[in-house]
């Protein structure tokens with residue numbers, strides 16, 4: 001008997017007490033829980049919660065997006081910026097930095113040497129201060145937002161879902177998905193929280209207020 | 001090597017003995033008290049933010065219950081979805097088989113090293129040791145796992161495996177060992193957590209960049225879509241899940257969820273229960289392989305290793321709902337004092353006390369169901385409502401029963417219980433025994449307490465002080481003072497005594 005048959009028959013033997021007539025969906029699941037825990041000011045809550053996890057959050061009108069990105073890059077002194085395919089034209093203005101496009105794909109070494117990356121997001125979650133990338137246009141391959149030390153996320157206000165259930169419902173499971181809540185962190189040493197281990201140590205979030 | 005050999009650490013003493021050693025370590029106790037206290041407060045604060053927290057817990061428990069009742073069905077669906085998305089599914093009945101599968105997969109790549117994301121399942125099967133036997137070096141990349149690996153140590157907490165180590169010990173380990181494994185610790189390394197984390201970042205970065213194979217565990221997998229989920233904080237998980245060409249994920253069969261939609265429940269409960277955060281910094285979800293992004297080969301190893309046996313026990317099976325948050329460890333008064341090593345198992349704390357004996361057989365971990373005061377704090381904290389005290393009592397009965405079966409003569413405890421039964425069922429015998437006990441107890445007591453006793457009482461009395469019996473039993477006192485006379489016969493309605 002191979003591993004598969006061994007495991008499946010052991011599981012089935014263990015479940016001999018479950019009536020054969022019972023369907024997998026028969027055991028009820030209550031729906032007493034709430035769909036969301038956000039108040040009326042979803043955008044304000046998102047900004048507040050993301051900032052609590054040490055993301056640098058600014059709220060600007062859509063027309064101020066490029067200027068806000070430029071300020072974030074200037075603050076860290078970034079010299080090279082990764083621009084994923086499909087990022088809205090003009091979102092990363094000219095400046096003291098060179099632009100690296102991922103076409104053809106950048107090598108791991110090039111990405112490791114890059115200072116920053118600018119992306120949009122698929123969805124954001126207000127209650128948890130989370131941004132979610134589905135690595136589609138404007139976000140690029142997963143590694144683009146992993147190796148550079150600064151990640152600047154541009155979040156349109158209409159992409160912010162109030163809470164986890166709604167946000168998860170907006171995602172396409174066929175895409176790789178990354179949920180990001182603040183810069184990387186660890187509490188492994190005496191449970192003392194330290195921001196910045198392996199992922200980007202700086203997370204900037206630019207919220208575009210009018211869509 | 002059988003599965004049991006890895007879940008429990010062979011050669012470690014039983015819990016009572018190990019606990020005695022741990023309790024004498026004052027530094028360990030201080031580290032633990034501080035750490036568990038901090039995380040308890042954080043968890044309470046973020047759980048209280050959700051006014052429907054209890055409904056969420058109930059929902060999670062129901063989803064898990066429903067899944068386990070048809071586990072075979074969900075596993076087959078998962079296999080189908082993962083395969084359709086370009087992944088390859090393997091099945092392992094026990095640790096040895098899982099290790100064989102993973103070793104063969106790594107060998108097929110021609111690589112001699114792998115990077116690892118923190119994973120309870122691979123610890124449970126002793127994968128690192130099995131890979132080492134095959135000449136493959138496994139690098140742990142979670143900071144705490146790195147501390148444990150470099151220190152030649154064992155994990156003592158599910159979430160924070162190096163919780164028993166203070167910052168200065170960690171600095172020493174880094175200074176001494178990092179050079180042996182790769183990039184040495186920076187000159188002048190301090191014991192500031194920030195500096196220590198930076199040292200780990202530098203040490204591991206080169207390993208991430210050159211790694212061709214990664215091994216991970218999984219927090220969840222959705223059967224309907226084939227999506228696998230890893231929840232983490234540091235970004236080492238993202239590195240391992242993204243950079244290598246081959247990804248091998250080892251997952252306990254109980255981790256499957258029926259649908260992608262179920263994830264919303266657990267992604268609300270897990271971070272809040274685990275690190276006391278509204279959401280952990282990074283959660284990665286992937287479905288098979290994606291063209292041009294991340295690993296080109298994805299293998300999912302479904303691991304039984306005692307889980308189907310656990311599933312067969314209708315009381316004990318609820319332990320399989322565990323999402324490894326470790327909230328039960330942090331609230332447990334026993335864990336807080338003994339630490340994780342005393343449990344002698346990969347799974348310490350209250351959940352370990354119910355999971356370990358079931359995975360390896362009660363007779364191989366007979367002291368663990370007793371490593372608890374049954375206070376119930378673990379049940380209250382558990383985000384999936386595992387009634388740990390209920391399972392503990394159930395397993396205690398099994399342990400006692402197993403002991404009885406294996407002996408020709410009854411144990412002193414069994415004899416004592418039988419005698420107690422005879423005494424308690426007769427008021428006359430009880431009164432006689434109470435008179436004797438009052439006399440005897442007061443003779444051996446010091447300052448009103450009975451300490452360690454010799455002979456058959458040694459095991460009980462060695463770990464407990466017993467108050468000396470009162471001079472007079474309640475029954476004797478009642479008879480002496482409350483035998484109604486004509487004056488004090490009760491007159492109020494409540495106090496009326498019918499005679």
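Every number in this text was worked out from the coordinates using simple rules, so none of it is lab data. Only a predicted model underlies this, so the values are computations on that prediction, with no experimental measurement involved. Cβ coordinates were reconstructed from backbone atoms using ideal geometry, including for glycine residues, and neighbour counts include every protein chain displayed.
What list do you get for B:478, B:181 if you sort them by fewest beta carbons within 10 Å? Write down the numbers at each step before the final one.
Numbers: B:478 11, B:181 16.
Least crowded to most crowded, the residues run B:478, B:181.
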Legend entry - Shielding score for B:247-254, defined as the mean number of other chain Cβ atoms within 10 Å: 1
Legend entry - Ranking of B:257, A:100 by count of other Cβ atoms within 10 Å, fewest first: A:100, B:257
Legend entry - Spin-label zone in segment B:44-58 - amide nitrogen under 13 Å from a point set 7 Å from the Cα of residue A:30 along the C-beta vector: B:52-58
Legend entry - Cβ-Cβ FRET estimate between residue A:108 and residue B:88, R0 fixed at 22 Å, reported to 0.05: 0.35
Legend entry - Alpha-carbon centroid distance for the pair segment B:415-466 / segment A:52-93, whole angstrom: 76
Inset, instruction - Report the label-to-label distance for residue A:2 and residue B:458 in nanometres (one decimal), using points 7 Å from each Cα along the Cα→Cβ vector. - result: 5.7
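I'd like the per residue volume of the convex hull spanned by the Cα atoms of segment B:3-308, given in cubic angstrom.
144
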Legend entry - At 1.567 mPa s and 4 °C, Stokes diffusion of segment B:1-55 via Kirkwood alpha-carbon radius, µm² per second: 88
Inset, instruction - Calculate the radius of gyration of the Cα atoms of segment A:40-208 to one decimal place, then report Dmax, the largest Cα-Cα distance, as a whole number, both in Å. - result: 15.1, 45
Legend entry - Principal axis dimensions, segment B:372-436 - Cα atoms, whole angstrom, descending: 49, 31, 16
Legend entry - On Cα atoms only, tilt of B:26-48 relative to the major axis of chain B in degrees: 80
Inset, instruction - Starting from the Cα of residue B:404, step 7 Å along the direction of its Cβ; do the same at residue B:191; then give the gap between the two resulting points in nm. - result: 5.2
Inset, instruction - Answer rounded, prolate or oblate for segment B:119-264, using the Cα gyration tensor with square roots of eigenvalues a ≥ b ≥ c: rounded when a/c is under 1.5, else prolate when a/b is larger than b/c, else oblate. - result: prolate
Inset, instruction - From other protein chains only, count the Cβ atoms within 10 Å of every residue's Cβ in B:225-236, then give the mean. - result: 5
Legend entry - Crossing angle, helix A:42-52 versus chain A [Cα axis fit, 0-90 degrees, rounded to tens]: 80
Inset, instruction - Bin width 10 Å, alpha-carbon pairs only: give the P(r) of segment B:355-497 as whole percents, running from 0 to the bin holding the largest distance. - result: 9, 23, 26, 23, 14, 4, 1
Inset, instruction - Report the residue, chosen from A:140, A:17, A:77, that carries the largest GNM mean-square fluctuation when chain A is represented by alpha-carbon nodes joined by springs under 10 Å. - result: A:17
Legend entry - Whole-angstrom gap from segment B:167-190 to segment B:77-118, using each part's C-alpha centre: 33
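Pop out the Kirkwood hydrodynamic radius of segment B:426-482 from its pairwise C-alpha distances, inverse of mean 1/r, in Å to one decimal.
That comes to 12.4 Å for segment B:426-482.
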Legend entry - Efficiency of FRET between residue A:51 and residue B:259 - r from beta-carbon atoms, R0 25 angstrom, step 0.05: 0.15
Legend entry - Helical mean residue ellipticity (222 nm; -39500 (n - 2.57) per DSSP H run of 4+; nearest 500) of chain A: -6500 deg cm²/dmol
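Using 0.36 nm per residue of separation minus the Cα-Cα distance, give me the extension gain between residue B:470 and residue B:80 in nm, one decimal.
Using 0.36 nm per residue and subtracting the Cα-Cα distance, I get 133.5 nm.
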Inset, instruction - Round to the nearest 10 and give me the degree value, 0 to 90, for the angle of helix B:349-360's Cα axis relative to the longest principal axis of chain B. - result: 80
Inset, instruction - Return the average number of partner chain Cβ atoms within 10 angstrom of each residue Cβ along peptide B:63-73. - result: 5
Inset, instruction - With an 8 Å cut-off on Cα pairs and a minimum separation of 6 or more residues, tell me the relative contact order of chain B in percent. - result: 19
Legend entry - Label-point separation in nm, residue B:17 to residue B:481, each point 7 Å along Cα→Cβ: 4.8
Inset, instruction - Starting from the Cα coordinates of the protein assembly as shown, work out the convex hull volume and express it per residue in Å³. - result: 209
Inset, instruction - Let me have the 222 nm mean residue ellipticity of chain B computed from DSSP H runs of 4+ only, each contributing -39500 (n - 2.57), with the sum over all residues rounded to the nearest 500. - result: -15500 deg cm²/dmol
Legend entry - Ranked packing of A:155-163, A:114-122, B:436-444, most packed first, by mean Cβ within 10 Å: A:114-122, A:155-163, B:436-444
